[in-house]
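J.: Dropping a structure here in structure tokens format, bear with me for questions.
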There are 2 protein chains.
Amino acid sequence: MSTMLLRTLREDPADAEVPSHRLLLRAGYIRRAAPGGYAWLPLGKLVLDRVSRIIREEMSAIGGQEVAFPALLPRDPYDVSGRWTEYGDDIFTLKDRRGAEFLLAPTHEEMFTLLVQDMTSSYRDFPLTLFQIQTKFRDEARPRAGLLRGREFLMKDAYSFDLSDAGLAEAYDRHRAAYQRIFDRLGLEHTIVSAMSGAMGGSASEEFLASADVGEDTFVGCTACDYAANTEAVVTPVPMVAAREQAALTVHDTPDTPTIASLVDLANDRALEGRTDWTAADTLKNVVVTVHHPGREDEVLAIGLPGDREVDLKRLEAALSPATVTMFDDFAAHPDLVKGYIGPQDLKIRYLADPRVATGTAWLTGANQPGRHATSVVAGRDFTPDGTIEAAEVRAGDPCPACGTGQLTIRRGIEIAHIFQLGRRYTDVFKVDVLGADGKPVRPTMGCYGIGVSRAVASIAEQHHDERGLLWPDEVAPADVQVIAAGKDGQVDAALALAATLVEQGLRVLVDDRPQLSAGVKFTDAELLGIRRIVVVGRRLAEGIAEVRDRRTGERRDVPLSDVPRVMTEVAG
Amino acid sequence: MSTMLLRTLREDPADAEVPSHRLLLRAGYIRRAAPGGYAWLPLGKLVLDRVSRIIREEMSAIGGQEVAFPALLPRDPYDVSGRWTEYGDDIFTLKDRRGAEFLLAPTHEEMFTLLVQDMTSSYRDFPLTLFQIQTKFRDEARPRAGLLRGREFLMKDAYSFDLSDAGLAEAYDRHRAAYQRIFDRLGLEHTIVSAMSGAMGGSASEEFLASADVGEDTFVGCTACDYAANTEAVVTPVPMVAAREQAALTVHDTPDTPTIASLVDLANDRALEGRTDWTAADTLKNVVVTVHHPGREDEVLAIGLPGDREVDLKRLEAALSPATVTMFDDFAAHPDLVKGYIGPQDLKIRYLADPRVATGTAWLTGANQPGRHATSVVAGRDFTPDGTIEAAEVRAGDPCPACGTGQLTIRRGIEIAHIFQLGRRYTDVFKVDVLGADGKPVRPTMGCYGIGVSRAVASIAEQHHDERGLLWPDEVAPADVQVIAAGKDGQVDAALALAATLVEQGLRVLVDDRPQLSAGVKFTDAELLGIRRIVVVGRRLAEGIAEVRDRRTGERRDVPLSDVPRVMTEVAG
């Protein structure tokens, strides 16, 4: 450490909001080098390499073959697949000196498909799993939280190619199991959640979420069954509505009720339809948004949902992907839309409704006239939505869509991996066919499997730290043992000699031999750096005694210097 | 190999001109993925990783600390250093979604300087050597020769920081020695050549050139001493000119003599100045070029050199770096420049002359009038150049600038590394000062040291191949041994069992177990792939005999199967 590029910080950096970002900066593992771009310093690079190695080993164990593609790719294949347009502002694009267009690839489906088309010809060449650990780029609008959401990051992306759906399912399961082993080795407590709505097959796409309060993803579990899903993928159960006689649609003067709360108050005050038990759940809220479809014109869209629910923008955008959404505000250009009093009756724009707005349900909603609402507006009778949409927030206590009996619980997590049965989307686009065993052409089917490598490092830091610093799981720590020379001269020599012995035994050792620092500063730094096994060569050196500390348990014990190699090998083994 | 992504090609790919490119493509090590961008296939990735590992080991051995910077960097630091403008079209630049400007870094001097400024404060933090093995980008106008000149490539760049010039010199020597070890281990026959003109100190910058006929660099040696230099760095010895009485400048009608050859013929025919021994070396050729200075206006520049020499564009651009040069052709806009009859007398543009145009030398040159030339145009009397320039071609047989007695020889090579004493260029620009041992601020001095990692792979292929394929040096080969099952069934099983035994002994083994191919195809592929040790499990398996081949020497011998592990370990060791 006396020669290492390391400068620990006592204070939290001003711009670091989350623990992993704060501690990785303070402990000198990373340094900001660009907006959303970080340099890995010597200690950080060691951790990153450990994580990469574990991923590489487990990918090899399932037959994955490592390759490496360029990051800077020509536009053409991404035009063919449509992703150049779909990604829009989310990717970095540039022109070369001749004006030819390129992108910095966010993922490589197109290139792997073209490679397999180029390199295979027969069923004998399959199945095939290829992967790379490679730098990815994404023009994040708001890079944040250090390594958790950056613009340049390390990713492992794998692609499987099979000739049958059953083969793809097997490849998917192999990756799923390998990922569980990887994250277990990385010490990452994680949940595998469904990432796709059930309509497309529950197993077609899953995410691995590392539990973390600072996670950007929310996911649900069930109190009764093993259902787990990203909130974006939660499917709202459609209520059973018994057929019955309904009152006729009636329009009421409801001045000054632009909000759901004011409307409910008025409905109860006036006892509309003879009721005084109106709640927000009885009202139908109609939200107008502008949908930005990549490559074509913007669309004004209305979304209907029960008045007691807010729109969840992430769920809405997931439902409309790859389109993005902004709130609509140009009411002047749409005189048919009466702000605050919109109802689904006679709307001139597309209208998508929450599944709870099922046929036969009756609502209190806007009458499309200023200061007026209507009661007994019945879905299927007075209006018919153009479709359903999962745009409403998911709440703890909601019924479980899987078992129907349990209630949903909600937690936060960091997406550390995503596995996906792509199917033939890309092989269809590029018309990839190989000779089948029966002599007829067969089209390969694909899976893609990503792990955020640099994000995994941050997630580990997020799960493994305390108020004093980092606390790395053994397999990813930058060293197996940290030896601290508490004082100078003889203690430094003894610490270096001990370290040499430990290195001979195959251990990776970091020695704090910095001559100008006090023992206290070194101890504080060691706790910040977060290597579990700490050996202090200090005052009792003369007696041949060192102190062995466990950063995790806090345990300290005196050990004869000559015993330290044995003790360290035992605990490290 | 039955499951590996591998497809060897019998024919040379149409667009591959040089042997390394041809063979790496044919043997399935790389595949083109973009203009100037290549994907590393499984076998290629293994070689690339071997090369990286050797570099990493030797860099660690001299105390280098590995870090990793982003490739996508903000414009600002490169503006401060001036390199944003200097690089011009040679770098890829782009704007993010907010319009902020970025570049894909060709090298990282700025970022390392800023990192050291951020992370150090005192003389105790020095010396320091940092390195990374990282993807670089360069907008090559003409990417060619596969990995030899690409737009995206892997590079090891290292930066040393010292507090004294002596420290820098030591860091430079350490890197120089480490590079020699690296290239020896890579099996790369190389020459270290001076890369800077002697005026700036011969040792301040050197290149490592791998000998190769296809190399883009030419370099000189001396028949008498150990001088070696890139031709761009060769300094022309200035001739000693004895002071003497010279004839007066005389203008002659010389119609139809736009070329040197026609002028010499005319001079001899007419016996100008009573001589009939005129040669091209007696004439002064004046070449007009347009100099494109980055960030400022183009300049029209005239260059004078003996008529028997051509301008070497690479030497000219090296002399004018970072400017680039194109031939001047807008004579209409410069009526003072008489095409074909330009002389250095009364030129209105800047004029730089070859060192051979020394004060006191007399020349036959243009008279700045159509169809007229002048004799006895004496440097220092009739014209005075604005300076000298090394723009003339270097020829075999030229006198050695170092010893003065030997003659230059010329060879071609591939630049595989460049080491450079940068000095304080960047620490001055960013005003980096640390506390010195005497309590006063001291400014660190830098060296930078680059190795083209992917280019090294191609250079190895360039030096190690024959007409049948590649022939890897042991340390970089994708495997230590290739085991070939010549036939099917029992031979495949035996080959796989043998491979398992070899792997247990720590060897890396590639097994050709492809069931559908003939032994002949497998042998041909093995020679193309280029792993030195080949074990054939074939017809004599029943007798317990395998054939051991050496791809390099062609030697073949029968070895009892049970002896193969011992034999392989011995030769691989």
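The values are calculated or read from the model by the stated rules, or taken from the named source; none is laboratory data. Note that the coordinates shown come from a computational prediction; the quantities given were computed from them, not determined experimentally. Counting neighbours? That spans all protein chains shown, and the Cβs are built from the backbone with ideal geometry, glycine included. Ligands, DNA and RNA are stripped out before the accessible areas are found, and what is left, the full protein with its side chains, is counted by its heavy atoms. Shrake-Rupley method; radii C 1.70, N 1.55, O 1.52, S 1.80 Å.
J.: Over what distance in Å are the Cα centres of the range A:350-381 and the range B:478-497 separated?
T.: Cα centroid to Cα centroid, the span is 73 Å.
J.: To test your reading of the geometry: what angle, between 0 and 90 degrees and rounded to tens, separates the Cα axis of helix B:453-463 from the longest principal axis of chain B?
T.: 90
J.: Same structure again: Apply the Karplus curve 6.51 cos²θ - 1.76 cosθ + 1.60, θ = phi - 60°, to the phi angles in the range A:289-303 and return the couplings in whole Hz, x for Gly and Pro.
T.: Ordered by residue, 3J(HN,Hα) equals 10, 9, 9, 9, 7, x, x, 9, 5, 5, 10, 8, 10, 10, 10 Hz.
J.: A further question follows. If you average the sequence gap of Cα pairs under 8 Å that are 6 or more apart and divide by the length of the range A:479-572, what percent do you get for the contact order?
T.: 31
J.: Over all pairs of distinct alpha carbons, what does the Kirkwood formula give as the hydrodynamic radius of the range B:479-572, in Å?
T.: About 12.8 Å, per the Kirkwood formula over Cα pairs.
J.: Where both partners of a DSSP beta bridge lie in the range A:254-361, what percent of those bridges are antiparallel, to the nearest 5?
T.: Given both bridge residues lie in the range A:254-361, the antiparallel proportion sits at roughly 75 percent.
J.: Given the rule -39500 (n - 2.57) for each run of at least 4 DSSP H residues, summed and divided by the residues of the protein assembly as shown, what is its mean residue ellipticity at 222 nm, to the nearest 500 deg cm²/dmol?
T.: -7500 deg cm²/dmol
J.: Here's a follow-up. Using only the Cα atoms of the range A:398-478, construct the convex hull and provide its projected area averaged over every direction, in square nanometres to one decimal.
T.: Averaged projected hull area, Cα only: 11.4 nm².
J.: Something else now. Pairing rule first: another cysteine's C-beta must sit under 4.7 Å. Under that rule, which cysteines of the protein assembly as shown stay single?
T.: Cys with no partner Cβ under 4.7 Å: A:Cys448, B:Cys448.
J.: With just the Cα atoms defining each centre, how far is the range B:37-70 from the range A:118-172? Give it in Å.
T.: 22
J.: Cα gyration tensor of the range B:91-203, axes a ≥ b ≥ c as square roots of the eigenvalues: rounded (a/c below 1.5), prolate (a/b > b/c) or oblate?
T.: Oblate, since a/c reaches 1.5 and b/c is not below a/b.
J.: Next question, about the same structure. Past the 23 Å Cα-Cα mark, which pairs from A:Lys156/B:Lys136; A:Lys136/B:Lys136; A:Lys95/B:Lys45?
T.: With Cα atoms farther than 23 Å apart: A:Lys95/B:Lys45.
J.: Probe radius 1.4 Å, ligands and nucleic acids left out: can you give me the accessible area buried at the B-A interface, summed over both chains, in Å² to the nearest hundred?
T.: So the total buried area for this chain pair works out to about 4800 Å².
J.: Accessible area per residue of the range A:1-96 at 1.4 Å probe, in Å²?
T.: Ligands and nucleic acids excluded, the figure is 35 Å² per residue.
J.: Cβ neighbours within 10 Å, averaged per peptide: list A:413-419, B:553-559 in order, most packed at the top.
T.: Result, highest mean first: A:413-419, B:553-559.
J.: Still on this structure, I have one more. Which whole number gives the average, over all residues in A:62-68, of C-beta atoms from other chains lying within 10 Å of the residue C-beta?
T.: 6
J.: Moving on. Using only alpha carbon pairs under 8 Å that are at least six residues apart, calculate the relative contact order of chain B and give it in whole percent.
T.: Once divided by the residue count of chain B, the mean separation gives 16 percent.
J.: Other chains' Cβ within 10 Å of B:154-166 residues: what's the mean?
T.: Counting other chains' Cβ atoms within 10 Å and averaging over B:154-166 gives 0.
J.: Then there is this: What's the average, rounded to a whole number, of partner chain beta-carbon atoms within 10 Å of each residue's beta-carbon in B:92-99?
T.: 5
J.: With axes computed from alpha carbons, what is the tilt in degrees of helix B:519-529 against the longest principal axis of chain B, rounded to the nearest 10 within 0 to 90?
T.: In chain B, helix B:519-529 runs at an angle near 40 degrees to the longest axis.
J.: Placing a label point 7 Å from Cα toward Cβ, how far apart in nm is B:Ala281 from its equivalents in the other copies, listed shortest first to one decimal?
T.: Label-point distances to the other copies, shortest first: 10.4 nm.
J.: Let me ask something additional. Would you mind telling me the share, in percent, of accessible area of chain A contributed by carbon and sulfur at probe 1.4 angstrom?
T.: 50
J.: What translational diffusion coefficient, to the nearest whole µm²/s, does the range A:236-304 have by Stokes-Einstein, given a Kirkwood radius computed over alpha-carbon pairs, a temperature of 37 °C and 0.692 mPa s viscosity?
T.: The estimated diffusion coefficient comes to 216 µm²/s.
J.: Would you mind classifying the range A:156-243 by shape? Square roots of the alpha carbon gyration tensor eigenvalues, ordered a ≥ b ≥ c; an a/c under 1.5 is rounded, otherwise it is prolate if a/b is larger than b/c and oblate if not.
T.: Judged from the Cα gyration tensor, the range A:156-243 comes out oblate (a/c at least 1.5, b/c at or above a/b).
J.: Can you give me the C-alpha center-to-center distance between the range A:409-465 and the range B:521-573, rounded to a whole angstrom?
T.: Using only Cα atoms, the two centres lie 40 Å from each other.
J.: Also, I was wondering about something else. Under the Karplus relation 6.51 cos²θ - 1.76 cosθ + 1.60, θ = phi - 60°, what is the ordered set of whole-Hz ³J(HN,Hα) values for the range A:537-542, x standing for Gly and Pro?
T.: For the range A:537-542, the Karplus-derived couplings read 9, x, 4, 8, 4, 4 Hz, x marking Gly and Pro.
J.: Determine the equivalent ellipsoid of the range A:250-388 by diagonalising the alpha-carbon gyration tensor, then write out the semi-axes as square roots of 5 times the eigenvalues, largest first, rounded to whole Å.
T.: One finds semi-axes of 26, 16, 13 Å for the range A:250-388.
J.: Then there's this: Keeping every protein chain present and rolling a 1.4 Å probe, give me the accessible area per residue for the range A:250-388 in Å².
T.: Ligands and nucleic acids excluded, the figure is 45 Å² per residue.
J.: For the range B:1-52, restrict the atom set to alpha-carbon positions and state the Rg and Dmax in Å.
T.: Gyration radius and largest Cα-Cα distance of the range B:1-52: 11.1, 31 Å.
J.: Would you mind telling me the antiparallel percentage of the DSSP bridges in the protein assembly as shown, rounded to 5?
T.: 80
J.: May I ask you to evaluate 6.51 cos²θ - 1.76 cosθ + 1.60, the Karplus curve with θ = phi - 60°, for each residue of the range A:258-263 and list the ³J(HN,Hα) values in order in whole Hz, giving x for glycine and proline?
T.: x, 10, 4, 4, 5, 5
J.: Give the Rg/Rh ratio for the range B:193-269, taking Rg as the radius of gyration of the Cα atoms and Rh as the Kirkwood radius, to two decimals.
T.: 1.21
J.: Can I ask one more? With the radius of gyration and the Kirkwood radius both derived from the Cα set of chain B, what is their ratio Rg to Rh?
T.: Taking Rg over the Kirkwood Rh, I get 1.07.
J.: What is the range B:250-388's relative contact order, in percent, from Cα pairs under 8 angstrom and six or more apart in sequence?
T.: Relative contact order of the range B:250-388: 27 percent.
J.: Right, next: When ranked by the protection proxy of mean other Cβ atoms within 10 Å per residue, highest first, what sequence do the peptides B:96-107, A:152-163 form?
T.: In descending order of packing, they fall as A:152-163, B:96-107.
J.: For chain B, take the longest principal axis of its alpha carbons; what is the angle in degrees between that and the long axis of helix B:109-119, to the nearest 10 within 0 to 90?
T.: Orientation of helix B:109-119: about 70 degrees from the principal axis.
J.: How large are Rg and Dmax for the protein assembly as shown when only the alpha carbon atoms are used, in Å?
T.: Taking only Cα atoms of the protein assembly as shown, I get Rg and Dmax of 36.5, 129 Å.
J.: Now a separate question. Please list, ordered by chain and number, the residues whose modelled amide H lies under 5 Å from the amide H of A:Leu128; skip anything fewer than 5 residues away on the same chain.
T.: Long-range HN contacts for A:Leu128: A:Phe161.
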